[in-house]
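Worksheet: the structure to be examined is printed underneath.
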Amino acid sequence: MPSPPTAAVLPLEPSFLRRLESLALVSRKLASGSERGERKSRRAGSGIAFATHRAYAPGDDIRFVDWKVFTRSERLYVKQFEEERDLAVHLLVDCSGSMAHEDGAKLGYAKQLAAALGYIALINLDRVSVQPFASRPLPRLAPLRGRNRALVLLRFLAALEAEGTTDLRAVAEALAVRAAPGSLAYVLTDGFDTAGLLEGADRLRYARVSPVVLLIGDRREAAPALHGELSLVDCESGEQRTLRVTERVLARYRAAYQARRSELLGALAQRQVPTVELSVEVPLERAVLDLLRRGGIVS
Amino acid sequence: MRWLGLDATTLALTLLGAGAALLLLYLQKRPARRVVVPALALWSTLGDERRRPSAWLSRARRLVSLLLALGIVSALVLALGEPERVDPAQANNLVLLLDCSPSMAARDVAPSRIEQAKTRARRLVRQLGAHDQAWIVGLGDSATPLTSRTRDKATLLRAIDRLSTQEQPADLTLGVQLALDLLAPFARAELVLLSDGALLDSAGARTALARAPKIAVRQERVGTSARNVAITQLAARPYLLDHAHREVLVTVQNFGPANESLRLQVFAADVLLAQEHIALAAAASATRVLADLPASDAPLRARLELDQGTDVLRGDDAALMHVGRERTTRVLAVSADNRYLEAALLLDDTLEVDQLAPAAYRSSAGYDLVIFDGTLPREPPGTPALYLGPFPGSGSAPLPRAPGADLGRPFFDHVQREHPLVRELSLADVNVGHATRFVLLPSDNAIAATADRVPLIVEGMREGKPFVLLSFDLRDSDLPLRAAFPLFFLRTLARLRGESATESRVQTATLRAESSAPVGDLLGAPRTAVAHRSHTPWLEQLWPVLLALALLLLVLEWFTFHRGYTE
């Protein structure tokens, strides 16, 4: 009986994976997961770290009664502990047509970055789900937990392909309904849909989901080597425009590109959305171990 | 303006073709290149399309671009023509005098000196300006103009192609004189001598050039090495009394600047007859006489070989001489009985002698030579003849008799000592009893005569045939008893049959590979060349200007295109 074909796995260096095991995703909010985990949560429960006292109520487990307090005050108080819960991590991967530009370098980079972040989350017993999106949410990867699910994550990411236009609003809307408050949403995108990105981030924030934006750029897009009479075609919409590209036009393009990037970064900063700007020219290992760490995304 | 590069027709065709191709390219409407961008919105915000030029402005921009490109192409094509500012009145007249002497066959330069000279001549022809005119003159033992004065380069080049080396030494005097005669009417004239320098010691050429100081003279020198030895003379002569052997004379000369050691060999066919080693100082010559070499009919060949190294001119290292078989001469001796004559005729075994009594003589037909001894024919013989006294009163004598009786006891007082018949012979004390008086005709030559100019030995021509006359009887003199008699007699017979009895000499061409004298020495001071491009001031050449113009236009086109001023 022939074995079913093995799905492709996103390649990551074993040495890189080993270094990832020492990292953890940074969450600025307390965890609110439904499963026990390794993160502090607001829920007082059966953890180890003492949290507070509260008056005893019938039905409380008498094992948590603080007898020392009772001897001093002759009142019954029960001790409450911080319960360690898991963290829900959502990886929103932009799979629009613009991510496939220049041989799909940005999409590949985003997939590897998502794999690294997801692996870190799995190592730390967080729940990881992947939500690719384009003009609408694409089929997602249901939450995974535990190191042994890393292969599933890598296979899912490897199968992602880019197509269509970008609309982060739709996917943010869907996620806001589904995600638990306090969860993390990593948005891996090239940021050309500026308005959608800002509105989507706002929607997530309103749903108490912490968005983290990882802007993936390409130097060939920032400073294209174009010249002459060109018919420019938008890779997502297919719209065409004829333009004679000269040095002067190129200079204006570079300035517009940088202005839009700065405007986007400023708007995200204003919303207190952690943002790290990455480039496909930067090696992935350096991006994760250095840039994301400096940006407070991982620790 | 003159064009040193491509001619006007080629330039025009090139310019036309390049311009047409350029125009065709500009007329083509190339579709814009399709480029996929990640965010067209970014490009749209640049606002370039909103400032599209109007149609006429767009056409004007394209026209400017086309004109710039045409300007660049025109400048480059014109630069190929290498234009040069020149006044037509200042056109040059050039005589290219090419040395075709045997030394130009030397192969010390590849492929040979003559080919290198022709290559340089072709280059000079191609460098001629539009108004310049030239002659091609080949210089051998005579100077031969191969073209008339022409500016047609094809004609000049064809004439150069026809040139080849000759067997005879070149005469520079003739060549220079011809060139000066050709150039004399022109104000701007130049003589260019393409030679290996072997001609420069010509005093006649120096004198001729000194008389024409306004004509510029220049030498394009070919050849590098001066190592050359040559056989300059090869001669052979038979021994008069021993026809089985002969004597060979060879002269060798070293034309190089260094001492040479060489081996001289003489062959008959492929048989080595003699061999000798010779050491020759620089510019020295040596003559060797090789005695008692076996005589044969085979051609005589002399050959030189350097002990070390090679000779740059191998052509003069060998000489060939055809000696041929000794020819048999049929002699008719019309004599009564003359032992002296009979004995003398026995000396030469190439003579086939028939003897007739005077009364039996009718004609000399069938003989190469006839001897009348003491008799005269009734009419002049149709063959060369030797007349010996005494002479009877009747018969046809070659000379008219002088009035008066015979001369008694004449002496050989006047003898032409350098005459081939009597050279190195002693006749002064010959005793003669009587001699008949003859009157010489104007064409006759008295080889020996008395003090009163009475001829004793006479030679001349009658009806196209030579004769020699002795005005006395051999038996009435002691000449047959002298040592000089056999030599004189055999020389006389050989001369009558048209041979040189003394020697047969072949002189080879005198060759020289190189002279150390610079051409300027010919005139005492160098003269200025007028027709060579290398003498043209840089500023008179326009091709660098055209090239700079093309580059400037290219930069301008690049700038305007990148700034969007042109399309």
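The values are calculated or read from the model by the stated rules, or taken from the named source; none is laboratory data. The structure displayed is predicted, hence computed values, not measured ones. Cβ coordinates were reconstructed from backbone atoms using ideal geometry, including for glycine residues, and neighbour counts include every protein chain displayed.
Worth pointing out:
- Single residue of the range B:147-196 satisfying the filter (touching a Gly at 6+ places or on another chain (Cβ under 7 Å) and surrounded by fewer than 24 Cβ atoms within 10 Å (Cβ to Cβ)) that is modelled with the highest pLDDT: B:THR173
- Screening A:ALA176 with (1) among the hydrophobic types (A, V, I, L, M, F, W, C); (2) in contact (Cβ under 8 Å) with a residue 12 or more places away in the chain; (3) under 23 Å from A:LEU122 (Cβ atoms) gives one miss only, at (3).
- From the options B:ARG246, B:ARG288, B:ARG303, residue that is in contact with a Pro (Cβ under 6 Å, 6 or more places away or on another chain) and part of a strand (DSSP E or B): B:ARG246
- Checking each residue in the range B:533-564 for being surrounded by 13 or more Cβ atoms within 10 Å (Cβ to Cβ), of a type in the set (Phe, Trp, Tyr) and modelled with pLDDT under 70 picks out only B:PHE561.
- Residue satisfying condition, being part of a strand (DSSP E or B) and over 20 Å from A:TYR109 (Cβ atoms), within set A:LEU232, A:LEU278, A:LEU250: A:LEU232
- Some residue of the range A:262-269 being modelled with pLDDT of 90 or more and assigned to a strand (DSSP E or B): no
- Reported count of residues in the range A:191-233, each being within 7 Å of another protein chain (Cβ to nearest Cβ) and surrounded by 21 or more Cβ atoms within 10 Å (Cβ to Cβ), is 3.
- Checked against (1) more than 27 Å from A:ALA116 (Cα to Cα); (2) more than 12 Å from every other protein chain (Cβ to nearest Cβ); (3) touching a Leu at 6+ places or on another chain (Cβ under 7 Å); (4) of a type outside the set (A, V, I, L, M), A:GLN270 passes all but a single condition, namely (3).
- Filter result for B:SER443 (in a loop (DSSP other than H, G, I, E, B), farther than 21 Å from B:LEU490 by Cα and of a type in the set (S, T, N, Q)): yes
- Filtering B:VAL73, B:VAL86, B:VAL37 for residues that are crowded, with 17+ Cβ neighbours inside 10 Å, at pLDDT below 80 and among the β-branched types (Val, Ile, Thr) leaves a single hit, B:VAL86.
- Conditions (1) in contact (Cβ under 8 Å) with a residue 12 or more places away in the chain; (2) under 30 Å from B:ASP349 (Cβ atoms); (3) among the hydroxyl-bearing types (Ser, Thr, Tyr): number failed by B:TYR239: (1)
- Only one entry in A:GLY182, A:GLY164 is within 14 Å of chain B (Cβ to nearest Cβ), farther than 22 Å from A:ARG261 by Cβ and surrounded by fewer than 24 Cβ atoms within 10 Å (Cβ to Cβ), namely A:GLY164.
- Looking only at the range A:241-263, and only at residues there that are among the polar types (S, T, N, Q) and more than 10 Å from chain B (Cβ to nearest Cβ), the one that is surrounded by the most Cβ atoms within 10 Å (Cβ to Cβ): A:GLN258
- Number of positions in the range B:154-181 that are without any contact (Cβ under 8 Å) to a residue 40 or more places away in the chain, assigned to a helix (DSSP H, G or I) and not hydrophobic (A, V, I, L, M, F, W, C): 6
- Residues of the range B:441-458 satisfying the condition of being crowded, with 17+ Cβ neighbours inside 10 Å and hydrophobic (A, V, I, L, M, F, W, C): B:ALA446, B:ILE447, B:ALA448, B:ALA449, B:VAL454, B:LEU456, B:ILE457, B:VAL458
- Test: residue in the range B:352-360 that is within 45 Å of the chain's Cα centre (by Cα) and in a strand (DSSP E or B): yes
- Residues in the range B:214-227 include none that are polar (S, T, N, Q), buried (at least 16 other Cβ atoms within 10 Å of the Cβ) and modelled with pLDDT of 90 or more.
- Members of the range B:92-119 that are in contact with a strand residue (DSSP E or B) (Cβ under 7 Å, 6 or more places away or on another chain) and either surrounded by fewer than 18 Cβ atoms within 10 Å (Cβ to Cβ) or of a type in the set (Gly, Ala, Ser) (or both): B:ALA117
- Test: residue in the range B:263-272 that is part of a loop (DSSP other than H, G, I, E, B), under 30 Å from B:ARG107 (Cβ atoms) and among the charged types (D, E, K, R): yes
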